[in-house]
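Quick notes on the structure that follows.
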Amino acid sequence: METKHIKVEYKNRWALVKISRPKAMNAINSDILDELSAVLDQLNENDDIRAIAFTGEGKAFIAGADIAEMKDMTTIQARDFATKGHQTFEKIEKSLKPTIAAVNGYALGGGCELALACDIRIAGASAQFGQPEVCLGIIPGFGGTQRLTKLIGPAKAKELLYTSKRISAEEALEMGLVNHVFADDELYDELDKLVAEIVDKSSVILSIAKDAVDGGLEKEIDDGLKYETNLFAMCFCTHDQTEGMDAFLNKREAKFSDK
Ligand code: CO8
């Protein structure tokens with residue numbers, strides 16, 4: 001599929017999705033959402049791709065949704081735009097593959113929200129995060145009020161929303177918004193290293209682990225533990241459980257077949 005603003009780099013068993021509209025700081029418009037959605041469908045169905053990472057072209061990760069496109073929206077158009085954003089970001093959140101945001105610059109509004117839909121976030125030292133929507137007379141519409149709150153708690157999320165302030169990568173690290181901060185020129189090497197540690201595992205077992213964590217977030221602890229128990233038991237109907245344990249006991253490298 002031809003895409004104008006989404007570039008996909010195929011790496012060794014994983015894909016790097018680059019949002020590429022640098023003249024507008026990679027601001028997300030409807031066309032970008034359509035392209036991203038189609039690219040995610042392809043990657044999610046591709047068995048050779050075992051993890052998906054996201055980054056931005058130039059000095060921004062994504063500086064938010066396109067303000068010029070939103071300015072004159074009707075209520076219905078705004079609802080449709082937000083719904084399209086949710087449907088697209090859910091393809092990231094609910095992907096069976098691990099997802100990683102490599103935040104290389106501004107991750108504001110919808111950009112921060114795209115990073116929040118990923119499993120893991122890493123950032124370059126000069127990256128900046130924020131939810132500046134109230135300055136524009138709106139609130140986050142691509143999941144920011146929900147996912148940010150779950151990740152860093154309601155008090156910190158509200159402070160970011162109410163003040164609209166931009167925070168540094170180091171502050172984001174302290175808040176638990178990102179997993180790691182690296183020097184800007186080391187971000188992609190560190191991404192390579194991180195993904196390499198993930199893609200050599202069994203993709204079927206990784207998807208079960210992701211399901212256990214995400215499914216448990218919605219549950220009380222007792223129900224969450226039952227959910228984990230069932231998923232744990234399900235691992236024992238996979239070939240990769242037999243292979244992983246046999247490899248350990250015979251002191252050899254496991255060769256997972258994703259079955
Ligand atoms: N939308 C449209 N254009 C943008 C955006 C954006 N979000 N961000 C930057 N641009 C454009 C600028 O207008 C400018 O265009 P031009 O060259 O034609 O004048 C170009 O990108 C370069 O930007 P700047 O000159 O401003 O570059 P600076 O380096 O001075 O500043 C910033 C970079 C700090 C990133 C600054 O551009 C900025 O503050 N951008 C806006 C950030 C923002 O408010 N983001 C939140 C947007 S709202 C949102 O994301 C809501 C999501 C949910 C929507 C739900 C649907 C209803």
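The figures follow:
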{"read-out": "Residue ID - nearest to residue 124 (Cα to Cα), chosen from residues in the range 36-54 that are within 16 Å of the ligand (Cβ to nearest atom) and surrounded by 21 or more Cβ atoms within 10 Å (Cβ to Cβ)", "value": "54"}
{"read-out": "Residues (open to solvent by less than 20 Å² (accessible area, probe 1.4 Å), closer than 29 Å to residue 257 by Cα and either part of a strand (DSSP E or B) or within 16 Å of the ligand (Cβ to nearest atom) (or both)) located in the range 1-35", "value": "15, 16, 17"}
{"read-out": "Enumeration of residues in the range 249-259 that are over 18 Å from residue 210 (Cβ atoms), open to solvent by 70 Å² or more (accessible area, probe 1.4 Å) and either touching a residue at least 12 places away in the same chain (Cβ under 8 Å) or not in a helix (DSSP H, G or I) (or both)", "value": "250, 251, 252, 253, 255"}
{"read-out": "Out of 240, 222, 189, 246, sole residue that is open to solvent by 60 Å² or more (accessible area, probe 1.4 Å), within 30 Å of residue 10 (Cβ to Cβ) and either out of contact with any Asp or Glu (no Cβ under 8 Å at 6 or more places or on another chain) or assigned to a helix (DSSP H, G or I) (or both)", "value": "189"}
{"read-out": "Qualifying residue in the range 151-165 (condition: near the ligand (Cβ under 10 Å from one of its atoms), more than 20 Å from the chain's Cα centre (by Cα) and open to solvent by less than 40 Å² (accessible area, probe 1.4 Å))", "value": "yes"}
{"read-out": "Residue satisfying all of: in the range 60-115; among the hydroxyl-bearing types (Ser, Thr, Tyr) and either part of a helix (DSSP H, G or I) or within 10 Å of the ligand (Cβ to nearest atom) (or both); surrounded by the most Cβ atoms within 10 Å (Cβ to Cβ) among these", "value": "106"}
{"read-out": "Of all residues in the range 116-127 being farther than 30 Å from residue 205 by Cβ and open to solvent by 10 Å² or more (accessible area, probe 1.4 Å), the one that is nearest to the ligand (Cβ to nearest atom)", "value": "126"}
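The values are calculated or read from the model by the stated rules, or taken from the named source; none is laboratory data. In this text, all values refer to a predicted model and were calculated from it rather than measured experimentally. Here Cβ is always computed from backbone atoms with ideal geometry, including for glycine, and neighbour counts include all displayed protein chains. We work out accessible area using only protein heavy atoms, side chains counted, and drop any ligands, DNA or RNA first. Shrake-Rupley method; radii C 1.70, N 1.55, O 1.52, S 1.80 Å.
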